[in-house]
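Reading through the structure tokens given below for one structure.
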Amino acid sequence: MNQFAEGARSLGRAARSRELMVPGFRTPPRVAGVDRSIRRTKAGSVIAVRTRGRPWVAVAADMVEGIIVANALVGADAVRVRGAMWSALGFATASPAPVASVPPPKTVSVAA
């Protein structure tokens, strides 16, 4: 099985598990000269990605962003889903930076 087809299946499972709309994936785009296109229909969206001559990580990025766009995700929701989609494709995601604890300010007693 090729990477594109397996990636589409993995992304579909991950999106479905989050109750997101799962777009169709195809290759190549119908529009000449583009790496990715999205077509919206009454039944949903179709993400078309150019695979020929591109590294897998670039193709995967277009597939992940296609899910974000198809579901109109923004802000924190987009960040969370994007990380989950990358993980579904087998890529490691960065751990969130630990929140530094700030010690309370020191109080100084002043004699009156």
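Only the coordinates and a few stated rules stand behind these numbers; no lab work does. Just so it is clear, the model here is predicted, and its values are computed rather than measured. All Cβ positions, glycine included, derive from the backbone under ideal geometry; neighbour counts span all protein chains shown.
Brief remarks on what is shown
- Antiparallel bridges, percent of DSSP beta bridges restricted to segment 3-88 (to nearest 5): 65 percent
- Förster radius 25 Å - calculated FRET efficiency between residue 3 and residue 93 (Cβ-Cβ, nearest 0.05): 0.85
- Alpha-carbon centroids, segment 72-92 and segment 1-25: separation in whole Å: 13 Å
- The Cα trace of segment 3-88 gives Rg and Dmax of 12.0, 34 Å, the first to one decimal, the second as a whole number.
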